[in-house]
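Let me begin by presenting the structure, written as structure tokens, before commenting on it.
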Amino acid sequence: MLVVETKNEVRSLVDSWREAGERVALVPTMGALHEGHLSLVDVVRAHATRVVATIFVNPLQFAPGEDFDTYPRDFEGDLSKLKKRGCDACFTPERASLFADDFSTTVSVAGVGENHCALTRPHFFDGVATIVTKLLMITRPDIAVFGEKDFQQLAVIRRFVRDLDIDVEIVGAPIVRESDGLAMSSRNLYLSGSERAAAPALFKALSAAADAARNALWADIGVQVEADLRAAGFSKVDYVHLVDRDSLVDIDRADRPARILAAAWMGETRLIDNVAAGPTRND
Ligand code: PAF
């Protein structure tokens, strides 16, 4: 696997592959790779002949006081996992090479980029949209893949790619879960033993809510989910919302393809998860 640090190197590499008729996929990550990230490599392998991962802990998507400094980093371990998984290259830019001292541009997505996670992390989607735009412009892949665990992030990326006419196909990859249902996340490393034992309650509560949403109004179910999460040990529930699967607009019954999105705190760790709801729940 080639490890490339500069924008020019990665661009020449991708250009040369594309000129040779290869189809190139991008797998953007912030490192601390787990099976969820590695499954993204497998998912795009089906659509591409070359896979380029990126590892960059993006400062733009962390607010002051969030976990940028302590975000787990395991650079050598990540490279070895990507290599074993059959990645062709990994782009590992330095912060200074991406941001000029007077960097002053933000990509901001209204609508799907508002509400839900943006309610408590208002900086987050602008930070993601700006860095993903840059990574797409630098590497110019045919296709890029993002996990459905960050369901709102995926919707935001699809929206700005469409709105800005960026010539790339965006693919969503299914959530990968631990055997007890907890969605894989680099931040699961922050959980203590007892927190880790309690954390799968999030997926259980959302799955039960998706079943209940077949026959009841969300207003009643949502209140119950929040109560269940608190009873299971979650200290704070940022939100639990039933939304239209495509627009992410809140809805009051699951009478169309829908998603239940949630963010809740287990001690000091904020966990997010989501499940399908509505007519396509078991598709
Ligand atoms: O999902 C992530 O890991 C990050 O938000 C992303 C898409 C790599 C942008 O920094």
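Taken together, the values in this text are just the output of simple stated rules run on the coordinates, not laboratory data. In this text, all values refer to a predicted model and were calculated from it rather than measured experimentally. Virtual Cβ from ideal backbone geometry, glycine too; neighbours counted across all protein chains shown.
Kindly provide the Kirkwood hydrodynamic radius of the stretch 159-215 in Å, to one decimal, from all pairs of distinct alpha carbon atoms. List each step's numbers first, then the result.
Values: mean 1/r = 0.0701 Å⁻¹.
That comes to 14.3 Å for the stretch 159-215.
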Computed log₁₀ I(q)/I(0) - Debye formula, equal Cα scatterers, no solvent, the chain, q 0.08, 0.10, 0.11 Å⁻¹: -0.34, -0.54, -0.65
Full-extension gain in nm, Met137 to Glu22, via 0.36 nm per residue minus C-alpha separation: 39.6 nm
Charge sum, other residues only, whose C-beta stays under 12 Å from Leu229's C-beta, Lys/Arg counted +1 and Asp/Glu -1: -1
For the stretch 220-229, 3J(HN,Hα) per residue [Karplus equation, 6.51 cos²θ - 1.76 cosθ + 1.60, θ = phi - 60°, Hz, x = Gly/Pro]: 6, 5, x, 4, 5, 4, 4, 5, 5, 5
Degrees separating the helix 201-212 axis from the principal Cα axis of the chain, which is the longest one: 70
Those lysines that a straight Cα-Cα span of less than 24 Å connects to Lys149, excepting residues fewer than 8 apart in one chain: Lys81, Lys83, Lys84, Lys134, Lys204, Lys236
J(HN,Hα) series, the stretch 257-271, from Karplus relation 6.51 cos²θ - 1.76 cosθ + 1.60, nearest Hz, glycine and proline x: x, 9, 9, 9, 10, 8, 9, 8, 9, 9, x, 8, 10, 8, 10
Gyration tensor over alpha-carbon atoms, the stretch 116-203, equivalent ellipsoid semi-axes in Å: 29, 15, 11
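What translational diffusion coefficient, to the nearest whole µm²/s, does the stretch 184-246 have by Stokes-Einstein, given a Kirkwood radius computed over alpha-carbon pairs, a temperature of 4 °C and 1.567 mPa s viscosity? Kindly include the intermediate steps, with their values, before the conclusion.
Values: Rh = 12.8 Å.
Approximately 101 µm²/s, per Stokes-Einstein.
Stokes-Einstein D for the stretch 229-283 at 10 °C, 1.306 mPa s, Kirkwood Rh over Cα pairs, in µm²/s? Walk me through the numbers on the way to the answer.
Details: Rh = 11.9 Å.
D = 134 µm²/s.
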Hydrodynamic radius (Kirkwood) for the stretch 60-128, which is based on Cα pairs only, to one decimal in Å: 14.9
Note, ³J(HN,Hα) from phi for the stretch 94-99, Karplus 6.51, -1.76, 1.60, rounded to Hz, x at Gly and Pro: 7, 3, 5, 7, 9, 10
5 angstrom amide H check on Phe99, placed H, neighbours 5+ away: none
Two-decimal ratio, the stretch 1-134, of alpha-carbon radius of gyration to 2.2 N^0.38 Å: 1.11
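In what sequence, highest mean first, do 142-152, 166-176 appear when ranked by Cβ atoms within 10 angstrom?
Final packing ranking: 142-152, 166-176.
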Ser97 paired with Gln224, simple spin-label distance in nm, labels 7 Å along Cα-to-beta-carbon: 5.3
